[in-house]
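Enquirer: Before I ask anything, let me first share the structure, which is written out below as structure tokens.
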Amino acid sequence: MSTKMNNPWLQLDRLSRIRVKESIKYNAFWIVDAFNQYGLMIQCDEDFMQPIREIKLNGIQIQLDQSSTPNKLILLLKETKDWEIFLILCNDLLNVMKQHDEDIIVNVMKRLERWQKLLRKSAFKIMSKEEQMGLYSELKILRDYIIPAYGYSAGIHGWVGALGDKQDFLLENFAIEVKSFRMTSGNLVWISSKEQLNSEKNPLYLFACALNEAGSGETIADLAKSIKEKIANESLSTEFIEKVEVYGYFPEIPQESLSKFLLEQVKGYEVRDGFPKIALEHVSPLIPNMKYSIELSGCSQFKVNMNAIFK
């Protein structure tokens, strides 16, 4: 979490409040209650609808007060030390209120349900550079190659690496395994399981993405946003974001440490007979996990034209 975030509750005494400095339709206040708990109070003339299922957020108490007008939605943080993630949540709700002139309450409740899912997951952690490179490469292949050729629905449904499948993409006529490596480290890629280069679907292609870290590049946040913004279907958008989250990236959680990469080149190889891989029949079933590297500079006879694949 960022240490540069301004804590809006520091200026408040117990049992006090201050108006949120945002241009929104309804009143919202940063509050501190009788127990010195940080909170956000949203006032609304509309009735806050009780959710079908009770919304429970780890470490956060939710109160709906419909006993008087205006109605009040109050969020209280149980542990002050968690104020940064709580502030991100509050700002996310306020942003929803800025974006929606109508059905504000419905949309705020939807966001709370979204945060309920987020906070159920394991503790948020900063993604390593290698994890970022892996997700970056898959998102680049999805956005720049697969979606233009097959559309958003087929592309996102076909992105199965996040589901624990053997390969990263399973499309109608072929499968793709995506590997990233640093441009400065040669043409060595690592195969992290015995199944990755053994597919029931043929042909299987290995896409090797050479990356450079550069200030003029894109982060995984940039890529995810550029894809999500163009998805018209809500359920497809949800599927996409859920798949991104499996890799450890959560759009709501700012990560100042995200690296910017440039895809310097991507080379495609057909994993056919003779390709340097370890075949499943050569591996004992008593070896459940294995990892090995391939030097792609010696694989020129297996190279394929990327554009021809996506005709």
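Enquirer: Roughly what % antiparallel, to the nearest 5, for the DSSP beta bridges in region 129-309? Please report the intermediate quantities before stating the final value.
Expert: Values: 19 of 27 bridges.
The answer is about 70 percent antiparallel.
Enquirer: Place a +1 charge on the Cβ of each Lys and Arg in region 16-120 and a -1 charge on the Cβ of each Asp and Glu, then give the dipole magnitude about the Cα centre in debye, rounded to the nearest 20.
Expert: Rounded to the nearest 20 debye, it is 320 debye.
Enquirer: Calculated FRET efficiency, residue 79 and residue 226, Cβ-Cβ r, R0 35 Å, to nearest 0.05? Before the final figure, lay out the partial values.
Expert: On the way: r = 36 Å, r/R0 = 1.02.
Calculated value: 0.45.
Enquirer: What would the Debye formula give as log10 I(q)/I(0) at q = 0.25 Å⁻¹ for the alpha-carbon point model of region 250-311, no solvent?
Expert: The computed values of log10 I(q)/I(0) come out as -1.10.
Enquirer: Something else now. Any idea what Rg and Dmax come out to for region 129-309 if you just take the C-alpha atoms, in Å?
Expert: Cα only, region 129-309: 16.2, 47 Å (Rg, Dmax).
Enquirer: For residue 154 and residue 264, what does the FRET efficiency come to when R0 = 25 Å and r is the distance between their Cβ atoms, rounded to the nearest 0.05?
Expert: On the way: r = 28 Å, r/R0 = 1.10.
Approximately 0.35, to the nearest 0.05.
Enquirer: With just the Cα atoms defining each centre, how far is region 1-42 from region 160-187? Give it in Å.
Expert: 45 Å
Enquirer: Binning at 20 Å from 0, report for the chain what percent of all alpha-carbon pair distances ends up in each bin.
Expert: 28, 46, 23, 3
Enquirer: Would you compute, from DSSP H runs of 4+ residues alone, the mean residue ellipticity of the chain at 222 nm, taking -39500 (n - 2.57) per run and dividing by the full residue count, rounded to the nearest 500?
Expert: Details: 7 runs with 84 residues, N = 311.
Calculated at 222 nm, the ellipticity per residue is -8500 deg cm²/dmol.
Enquirer: Take the Cα atoms of region 16-120, find their three principal axes, and give me the spread along each one in whole Å, biggest first.
Expert: If we take the Cα atoms of region 16-120, the spans are 34, 30, 27 Å.
Enquirer: Of 71, 99, 214, which is farthest towards the positive pole of the chain's charge dipole, taken about the Cα centre with +1 and -1 on the beta-carbons of Lys, Arg and Asp, Glu respectively?
Expert: Of 71, 99, 214, it is 214.
Enquirer: Please list 272-280, 112-120, 284-292 highest first by mean number of surrounding beta-carbon atoms within 10 Å per residue.
Expert: Details: 272-280: 13.1, 112-120: 16.2, 284-292: 8.6.
By packing density, highest mean first, the sequence is 112-120, 272-280, 284-292.
Taken together, the values in this text are just the output of simple stated rules run on the coordinates, not laboratory data. Note that the coordinates shown come from a computational prediction; the quantities given were computed from them, not determined experimentally. Cβ atoms come from the backbone with ideal geometry, glycine included; neighbour counts cover every protein chain shown.
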